[in-house]
1. Please turn the phi angles of segment B:30-41 into ³J(HN,Hα) values with the Karplus equation 6.51 cos²θ - 1.76 cosθ + 1.60 (θ = phi - 60°), one per residue in order, whole Hz, x for glycine and proline.
2. What is the average number of partner chain Cβ atoms found within 10 Å of a Cβ in A:27-40?
3. Expressed in whole Å with the largest first, what are the equivalent ellipsoid semi-axes of the protein assembly as shown derived from the C-alpha gyration tensor as the square root of 5 times each eigenvalue?
4. Take peptide A:11-19, look around each residue's Cβ out to 10 angstrom, count Cβ atoms belonging to other protein chains, and average those counts.
5. I need the trypsin sites (Lys or Arg not before Pro) found in segment B:167-244, filtered to DSSP loop residues with at most 15 other beta carbons within 10 Å of theirs.
6. Using a Förster distance of 35 angstrom, determine the FRET efficiency expected from the C-beta separation of A:E278 and A:A54, and round it to 0.05.
7. Identify the GluC sites (Glu not before Pro) of segment A:1-82 meeting these criteria: DSSP loop state and at most 12 other C-beta atoms within 10 Å of the C-beta.
8. Looking at the protein assembly as shown, what % of its DSSP beta bridges pair antiparallel, to the nearest 5?
Number of protein chains: 2
Amino acid sequence: MTREAHFIDSLRALASDPAARGLRDDAAVLELGGEALVLTHDMLVEGVHFLPEADPADVAWKLVATNLSDLAAKGAEPLGVLLGFMLGDDDARFVEGLGDALAHYRVPLLGGDTVSGGPPRSFGLTAVGRGTHRPVPSRAGAQAGDGLWLCGTVGAPMMGFEALRDGTGADSTAYRRPIALLSEGRALAPRVTAMMDVSDGLLLDAWRLAEASEVSLAIDSAAVPLAAPEARRFDALRWGDDYALLFTLPAGLAPPVPASRIGKAEPLGFAPLFLDGEPVVNAEGLGWQHEAD
Amino acid sequence: MTREAHFIDSLRALASDPAARGLRDDAAVLELGGEALVLTHDMLVEGVHFLPEADPADVAWKLVATNLSDLAAKGAEPLGVLLGFMLGDDDARFVEGLGDALAHYRVPLLGGDTVSGGPPRSFGLTAVGRGTHRPVPSRAGAQAGDGLWLCGTVGAPMMGFEALRDGTGADSTAYRRPIALLSEGRALAPRVTAMMDVSDGLLLDAWRLAEASEVSLAIDSAAVPLAAPEARRFDALRWGDDYALLFTLPAGLAPPVPASRIGKAEPLGFAPLFLDGEPVVNAEGLGWQHEAD
């Protein structure tokens, strides 16, 4: 067990409220005044989640998009964000990117905190949303027999990252400025049996959905929509940062948005995940081993 | 203008939603489903807000208490917190202190994010609460003629910090484990014209309340309840970390909780603050010059 997994296990004793969903979902869901409040918090750390030379405007955009993607996976409409900001050398560029992202998603900044510190700098964002469908989808509802679907593609952020790293000049937008599929998430919420966003790698995230739902997921790798050269397909399944929506639908049901059927849910077998018929017996190497609750 | 003040000014354009209260209050107040949701986010950074040798359990406690103090200032009942955590060497102690604080206030952990990074390590906490009285008190409602009151004392955290720094063995609890005055805030909310918590120094925070309310505040230093030697009175007025509640009440009204009348609100004069009759014409040196929205 990683140090992080051990730490999160020790937090679970403090998270017994049903709103916390056992710290095993993309977001907390708090019932208040007849509404379902959806809450998520993600951090980005210099040298871990972004390079010191990254454009602060891109970092700000990504901070917003990753959090809104968690809301998308719950079919939630964003109400606002709170920012935890560490002052640096090019704060005006950060504000510019933050403004771009908030305008793109039409989400207001509600508050937060500004501190000095670093390097490494770290930023936190809390996104607050309103569930548009009840129950608010979770990772835990997939049923044996359901189809497994993906809205969005995998691979583009990996290619963008490599273009930046290698200075090839190829397009890196998908890595720098990911898109949270908010309207797709809202359209899907009333239909899905389970849903999550793909942030840490499709295979690792599918593993988590399978574990939460206590089913096995069988994935047909060739069916996964790829935004990368075919030779990179198996890398793309593990790379992450895609912010696609992974969801299950009862057999025979078609999704209301463009999506690809990439496999199906089966009764829990001896592995939570089967890739092209082969069991995947542990989560090592499936993706980014940090939890992105 | 400090770099931080400049940054926060540039954020205001993104915070035009009334829920953000112009980034000039202790918390955001979002109307949802007939409830007033109160949201705040504070960060603690190693080397800035706590010493590297601090007990992680105390850091966790303080992170919870500072955020809940913002809810107290709005008369809000806490519903839960989200934690942004950076892994370190003694995470079990952090979880212990977090558990102590959450149990003390009976607040559940709802979610968050765990990352690697640092040193310096940084932690963020988002606290979510429910306003118990409408309108939710702000810093902006003080009227000329109101009494200025303080619930709690100043100076104890300063003395505790110095005891730790100097290794005197004197009690440092008030510095390490501050108390958020939640029940006092709830009792006061229906009566006050303005309220905030004292986090950055009584004089600086009073300056901010005066500016937000567009009044002058006249403070009688001798009336401020002191938890420090008399010789340190003027230091204690500037030190901060007290988490007392500063509020205004219409003249003649007495508070429903133990509190001291430390001055009064007057029509806006040529300074926002008068201390023992002397105008204070700028905020330099009044307290910690970081904003704790």
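1. Once θ is set to phi - 60°, the couplings for segment B:30-41 become 10, 7, 8, x, x, 10, 9, 8, 10, 10, 9, 9 Hz.
2. Mean partner shielding for this stretch: 5.
3. Its equivalent ellipsoid spans semi-axes of 46, 23, 22 Å.
4. Details: counts 11, 1, 3, 12, 9, 2, 6, 1, 7.
For this peptide, the per-residue mean of nearby foreign Cβ atoms is 6.
5. Working: sites: B:R176, B:R186, B:R191, B:R208, B:R232, B:R233, B:R238; in loops: B:R191.
Nothing satisfies the criteria.
6. Numbers: r = 37 Å, r/R0 = 1.06.
Approximately 0.40, to the nearest 0.05.
7. A:E53
8. 80 percent
Computed from the coordinates by the stated procedures, all read-outs in this text should not be read as laboratory data. Small disclaimer: the values here were computed from a predicted structure and weren't measured. Using ideal geometry, Cβ is built from the backbone for each residue, glycine included, and neighbour counts are taken over all protein chains shown.
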